[in-house]
Number of protein chains: 4
Amino acid sequence: MIQFETRERDVIGLGRLCIDLNANEIHRPMEETRTFTKYVGGSPANIAIGAQRLGLSAGFIGKVSDDQMGRYIVNYLEEQGIDTSNVVTDKTGAVTGLAFTEILSPEDCSILMYRDNVADLLLAPSEVSEAYVASAKCLLLSGTALASSPSREAVFVALTYANKHNTKVVFDLDYRPYTWKSMEETAVYYRLAAEKCDVIVGTREEFDVMETFSEVKGDDQQTAREWLSHQAELVVIKHGQDGSKAYEKDGTTYRSGVYPSNVLKTFGAGDAYASAFIYGLLQGWNAEQAMSFGSASASIVISRHSCSEAMPTVADIEELMQTTTAK
Amino acid sequence: MIQFETRERDVIGLGRLCIDLNANEIHRPMEETRTFTKYVGGSPANIAIGAQRLGLSAGFIGKVSDDQMGRYIVNYLEEQGIDTSNVVTDKTGAVTGLAFTEILSPEDCSILMYRDNVADLLLAPSEVSEAYVASAKCLLLSGTALASSPSREAVFVALTYANKHNTKVVFDLDYRPYTWKSMEETAVYYRLAAEKCDVIVGTREEFDVMETFSEVKGDDQQTAREWLSHQAELVVIKHGQDGSKAYEKDGTTYRSGVYPSNVLKTFGAGDAYASAFIYGLLQGWNAEQAMSFGSASASIVISRHSCSEAMPTVADIEELMQTTTAK
Amino acid sequence: MIQFETRERDVIGLGRLCIDLNANEIHRPMEETRTFTKYVGGSPANIAIGAQRLGLSAGFIGKVSDDQMGRYIVNYLEEQGIDTSNVVTDKTGAVTGLAFTEILSPEDCSILMYRDNVADLLLAPSEVSEAYVASAKCLLLSGTALASSPSREAVFVALTYANKHNTKVVFDLDYRPYTWKSMEETAVYYRLAAEKCDVIVGTREEFDVMETFSEVKGDDQQTAREWLSHQAELVVIKHGQDGSKAYEKDGTTYRSGVYPSNVLKTFGAGDAYASAFIYGLLQGWNAEQAMSFGSASASIVISRHSCSEAMPTVADIEELMQTTTAK
Amino acid sequence: MIQFETRERDVIGLGRLCIDLNANEIHRPMEETRTFTKYVGGSPANIAIGAQRLGLSAGFIGKVSDDQMGRYIVNYLEEQGIDTSNVVTDKTGAVTGLAFTEILSPEDCSILMYRDNVADLLLAPSEVSEAYVASAKCLLLSGTALASSPSREAVFVALTYANKHNTKVVFDLDYRPYTWKSMEETAVYYRLAAEKCDVIVGTREEFDVMETFSEVKGDDQQTAREWLSHQAELVVIKHGQDGSKAYEKDGTTYRSGVYPSNVLKTFGAGDAYASAFIYGLLQGWNAEQAMSFGSASASIVISRHSCSEAMPTVADIEELMQTTTAK
């Protein structure tokens, strides 16, 4: 059980603020779709929105483009009740990242990304406020924010502040290969960041990338031992349809299953999981309870058309958990 | 009257192949729109589509991204009957340029561009086929293709081939400031290209940019004299609602008015004009007749939601010209 | 015979201002040399220095770094009597290009270049003065100035001014592969520039590069015909030890031999040739006389340690021509 | 006292391998110098050379250009007896960094750097051998290697290996502002590296840069406390003419003075200090003895013309220490 400080704000997201353009015509290749619906997207944005939907008070540290897309994002976050006082506006002519989604079938989804010259990766170290980091119980770091400078340096400054003030850091690995120059580069910065985080959540494949330069190879026990030997108190390794495993510093291990769902698309599962999992931790639940709550949330989002808009309420999740059994 | 060679193909477009994402909800800022419809776009693409719609046989020299957007563009051009044998697919991971359009009111429209790392500007000199350039009566050059390397060099190679084989070059200035580093750079390359073109079409403001390093300042007569002193046989200067003026090498001057329209948005007027104007020249009409046909086409497109899809047929244009009087 | 206007200044060099660092210990690989002597270098700098040494009045349009190297160059040019009023100082932190020379044997010399972030290629169009271009009989353009932006655009602006004011342009092709992205790119910009020049001087290999996109292949007659069909009045093709050929617009052809020399190194031959050749043209000599004078000058420079410092006087050249017979 | 493992090799340098071009004519501005002498340079190269001169067995992990400069560096290191089996040759066309030195007076020296596209900063993570790092008692890290990717990532991989195998890491801050984008960026990566080092050596000003995001401001005690709270066992803060202070984990503090010298130039003092200081630590001396030895070495190098060539032997240093008293 993670002990959080008493703070003004529950959770602050750090990193990507993007736009999803989801094809309205599904079950066909994007070459044949004609219309798209616009949503706020980006993993930490989705998680912050999900957290707020669950009743937490969320804030965000990020950067948006100085155009209609950037203003749309800020407006949307504010409508959700999320604090945007630390979302800054780029002045260099950068754009907002885009994700065009294609839903061929429930199992076969793909994303076409626009990630050149994006505002979110221009967040600078000087734009991270120590007081703001210190105002929250928990900082949610998404790995993509480490992909390039100056956002990469902004993350390390935020981690320094968080560690100093005992703001717990949840690191969602969120590895997106297209934003990185090489897997080696990812491994180096993921490792440097992970050593300063309190909770690390990722898929088995994401941990493998982070462990490129170590001898841990695909073994959950060794992975847990490696990262718990640094600051981490809790390591969660996700195995897709096979559920998740959690490892605590004292050796306690938990397992959690997956809730069956009427799958529309696979996007957003991880973000829904993370927001509900953080909710659970903040309630003082043990890792197993938090993981189950996360799994249920993921199950709901993958049955809906969007990611951010689709984030469930506590009631939604509880209803599912009461009516369905995890496998 | 421009004398065209007898050739297999009427017109080949050269340059930009993009996607327009037009807001479905109009008369509001893009911050408040939710859905977009996808169209093929880009000035020379629109002109080629417009020309084909008018019954000409069109081809294209260009480069598309190796993704769903690029494939959509090629599919669409082929459905229209346009020859895409010289549209090459990028292999570097470039994306397709995007234009999100916002229609606040008929007079107040804006475009949000995605132009970083776009495939169209990666067309290389070696990807321009001399035989293909030689197969057409006319090459349509859009100024944006000069905005950066290697597309810029590909344009000059295409002009060398066109001049050698007497393929007439129509240069639509199509000046888009956001794609250029400076107005000085634009002036240099527009000038170098214009000296090798047979027909030059642009707005008064576009000619002003091209004349940055000369003493011609906003005077149509001097502009005409300057460019007709090189290869050009015909110079068309557009003055928005005040119509167009055409100047021929022998001193003949023409004027043409504007057809009133139920304006929905201003996008696409220039492309519709250019395609119908080229159609007229290829029919052997004089510049006045071609300009009128161009104006009528423009009037139709600005009353419709898209650019490419909205390109009129000959019957559409003739109907308008019979029922309406140009001002 | 080229007819020059009556002007305040004889010749203005345009382009590269660099530093040569010549190994003092010769006939060994640079791995084994220990000391270097510093000279002003760069082809157009050498030509301007050579011209001034011959008694012409020379000026320069160029850009130097804001450091000891840049100041050394300007000081040296001024000491030679060259007008530096149009040599501007970079303010972006660019450096001066360097050429470390290695003299293994008279036949086997090589150069190690430092050409990243060099000041000379940052000359901007706005830094070219129309009045200054108009003040000279002749503008000496070195091809390397076309290698990248904004210097490339500055060259085209200078050519526009020169053509407008009938300042004769001598284009020394001076092709240096390491400064270019591709041979195709070179071919495109060399062609665009060559069409606007009055005298074109290059080796057979350099003309071959410029003719990448034409059908002329290694044939001097065709080369001459191609370029004389544009603005050029005189085309000089150099064949190394086999001497040079000159072609005039009216069909006159000249040949010139090579003066034997006690060769120390091959660097600087072309620059010595160009400066003496221009001297001859400005005296009203025919191309044959000018080429002979150029050959004799080249013969002197290749027997000396440096390029710029080694440029001969008229008396030096005349002495050689009286005592030696060209082959 | 640092406890080193028993290993095949004493010390491995990591990072910059450059060329110094020292003006032969001193006491004048570089604008007036004519000849330069070439030396191997770069802080970690100098330290490795200095260590080998003192009788240690040194190796190097680095990258050199594939040209005469790169080969000169490797040849020179080998002549000194340094192991170059882990010095790789760049294949991208990068150059060797240059430092032109100007000695106006003993107090007024400056360096003109060429650092664009340099080979040393292209060292990749995959080019760092775990076995090689594990073969040495000590790894010498110079801060400049952190200045850009991929060298930055290579450093972090080397630190991971060093920590894993208990190869002690000496971090010489060696802050060179011109190689960094911002002081914030330096602070971020210096901090991340310093947390993984065993000995940290720098000037007061260099520690200030590293502490940009902390509250330690110019206070040696606080600086020592901050870094000793991580892995470091020894922190050495240099105060120029006022000598150095050393802080150990157990609270022990040492001071060391400066040996008077007939100063020719200030370059190389830090590198001479570091090599002799490391020598002392490897002998098992306490920090005070090692610092004194370092100061004496520095005093010798600043009285000589070069840095690398000038590195003293143990006998040289001992002689000075016997005949002179530190202040």
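For the protein assembly as shown, give me the percentage of DSSP beta bridges that are antiparallel, rounded to the nearest 5 percent.
Counting DSSP beta bridges with both partners in the protein assembly as shown, the antiparallel share is about 40 percent.
So, with +1 on the Cβ of K and R and -1 on the Cβ of D and E, and no other charges, what is the size of the charge dipole of the range D:124-198 about its Cα centre, to the nearest 20 debye?
The dipole magnitude comes to about 100 debye.
When the distances between all Cα atoms of the range C:55-114 are binned every 10 Å from zero, what whole-number percent does each bin get?
Percent of Cα pairs in each bin: 21, 37, 28, 14, 0.
Can you divide the C-alpha Rg of the protein assembly as shown by 2.2 N^0.38 Å and report the result to two decimal places?
1.05
Which distances in nm, rounded to one decimal and ordered from shortest, link the label point of B:VAL314 to the equivalent label points in the other identical copies, with labels set 7 Å from Cα toward Cβ?
Those label-point separations list as 7.2, 7.2, 9.9 nm.
Under unit Cβ charges (Lys, Arg +1; Asp, Glu -1), what dipole magnitude, rounded to 20 debye, does chain A have relative to its Cα centre?
Value, rounded to 20: 220 debye.
So what is Rg over Rh here for the range B:228-295, counting just Cα atoms and using Kirkwood for Rh?
A ratio of 0.99.
Helix-only mean residue ellipticity at 222 nm, chain A, DSSP H runs n ≥ 4 weighted -39,500 (n - 2.57), per residue, nearest 500. What is it?
Here the helix-only value at 222 nm equals -10000 deg cm²/dmol.
Which positions within the range C:1-49 get 20 Å² or more of their accessible surface covered by the other protein chains, compared to the chain by itself, with a 1.4 angstrom probe?
With the partner chains in place, the range C:1-49 has these residues losing at least 20 Å²: C:LEU21, C:MET30, C:GLU31, C:ARG34, C:THR35, C:PHE36, C:THR37, C:LYS38.
List the distances, in nm to one decimal, from the label point of B:GLN241 to the label points of the same position in every other copy, shortest first, placing each label point 7 Å from Cα along the Cα-to-Cβ direction.
6.4, 7.7, 7.7
Could you name the aspartates and glutamates whose alpha carbon sits less than 17 Å from that of D:LYS137, not counting residues in the same chain fewer than 8 places away?
Partners within reach: D:GLU5, D:GLU8, D:ASP10, D:ASP83, D:ASP172, D:ASP198, D:GLU233.
May I ask you to derive the FRET efficiency for B:GLU25 and A:VAL314 from their Cβ-Cβ distance with R0 = 41 Å, giving the value to the nearest 0.05?
0.80
Beyond 23 Å, what percent of the Cα pairs of the range A:112-200 remain?
Percentage above 23 Å: 19.
Could you grab the Rg to Rh ratio for the range C:262-327? Cα atoms only, Kirkwood for Rh.
With Rg and the Kirkwood Rh in hand, the quotient comes to 0.95.
On the accessible surface of the range A:137-283, probed at 1.4 Å, how many percent belong to carbon and sulfur atoms?
Answer for the range A:137-283: carbon and sulfur cover 49 percent of the accessible area.
Counting other Cβ atoms within 10 Å of each Cβ, which trypsin sites (Lys or Arg not before Pro) in the range A:42-131 have at most 13 and sit in a DSSP loop?
A:LYS91
Consider all pairwise Cα distances in the range A:119-255 and report the whole-number % of them above 19 Å.
So the pairs more than 19 Å apart make up 48 percent of the total in the range A:119-255.
Which trypsin sites (Lys or Arg not before Pro) does the range D:247-315 hold that lie in a coil by DSSP with at most 11 other beta carbons within 10 Å?
In loop regions of the range D:247-315 (DSSP not H, G, I, E or B), there are no sparsely surrounded trypsin sites (Lys or Arg not before Pro).
Just the projected area, averaged over all directions, of the convex hull on the alpha carbon atoms of the range C:21-71: how many nm²?
The orientation-averaged projected area of the Cα hull of the range C:21-71 comes to 5.1 nm².
Could you tell me what % of all Cα pairs in the range A:160-218 have separations over 17 Å?
Considering the range A:160-218, 40 percent of its Cα-Cα pairs are separated by more than 17 Å.
Which of the lysines could be linked to C:LYS38 by a straight reach, that is with a Cα gap under 18 Å, when you skip same-chain ones fewer than 8 residues away?
Within reach: C:LYS265, D:LYS38.
Filter the GluC sites (Glu not before Pro) in the range B:50-152 down to the DSSP loop ones having no more than 14 other Cβ atoms within 10 Å, then list what survives.
Hits after loop and neighbour filter: B:GLU107.
Apply 1/(1 + (r/R0)^6) to the Cβ-Cβ distance of C:TRP285 and C:LYS164, taking R0 = 30 Å, and write down the FRET efficiency to the nearest 0.05.
0.65
Beyond 28 Å between alpha-carbons counts as too far, so tell me which of B:LYS91/C:LYS91; A:LYS168/A:LYS238; B:LYS63/B:LYS217 fall in that bin.
From B:LYS91/C:LYS91; A:LYS168/A:LYS238; B:LYS63/B:LYS217, over 28 Å: B:LYS91/C:LYS91; B:LYS63/B:LYS217.
Placing unit charges on C-beta atoms (Lys and Arg positive, Asp and Glu negative, everything else neutral), compute the dipole magnitude of the protein assembly as shown about its Cα centre in debye, rounded to 20.
0
Please report which chain D residue places its beta carbon nearest the axis carrying chain D onto chain B, with the distance rounded to a whole angstrom.
Here the nearest residue and distance are D:THR92, 9.
Note the full-extension length gain between C:GLN3 and C:LYS217 as 0.36 nm times their separation in residues minus their Cα-Cα distance, in nm to one decimal.
Stretched fully, the C:GLN3-C:LYS217 segment lengthens by 74.0 nm.
Please give the direction-averaged projected area of the C-alpha convex hull for the range A:11-138, in square nanometres with one decimal.
The directionally averaged projection comes out at 8.6 nm².
Which value in Å does the Kirkwood hydrodynamic radius of the range A:197-327 take, with 1/r averaged over all unlike C-alpha pairs and then inverted?
Value: 15.0 Å, from the Cα pair sum.
Would you mind working out the accessible area per residue for the range A:40-182, using a 1.4 Å probe, and quoting it in Å²?
28
Identify, among D:ALA147, D:CYS109, D:VAL170, the residue whose Cα sits farthest towards the positive end of the charge dipole of chain D, taking +1 on the Cβ of Lys and Arg and -1 on the Cβ of Asp and Glu, with the dipole about the Cα centre.
D:VAL170
Between D:ALA131 and A:GLN241, what's the calculated FRET efficiency when r is the beta-carbon distance and R0 is 41 Å? Round to 0.05.
Calculated transfer efficiency: 0.55.
Say each of A:THR89 and C:ASP108 gets a label point 7 Å from the Cα, pointing the same way as Cα to Cβ; how far apart are those two points in nm?
The two pseudo-label positions are separated by 6.6 nm.
In a GNM of chain A with a 10 Å cut-off on Cα contacts, which of A:LYS245, A:LYS137, A:LYS181 has the highest mean-square fluctuation?
Looking only at A:LYS245, A:LYS137, A:LYS181, the largest GNM fluctuation is found for A:LYS181.
Dividing the convex hull volume of the Cα atoms of chain A by its residue count, what figure in Å³ per residue is obtained?
121
Rounded to the nearest 100 Å², what is the buried accessible area between B and A, both sides summed, probe 1.4 Å?
2600
The values are calculated or read from the model by the stated rules, or taken from the named source; none is laboratory data. These numbers come from a predicted model, not from an experiment. Note: ideal-geometry Cβ built from the backbone for every residue, glycine included; neighbour counts use all protein chains shown. Accessible surface areas use protein heavy atoms only, side chains included; no ligands, DNA or RNA. Shrake-Rupley method; radii C 1.70, N 1.55, O 1.52, S 1.80 Å.
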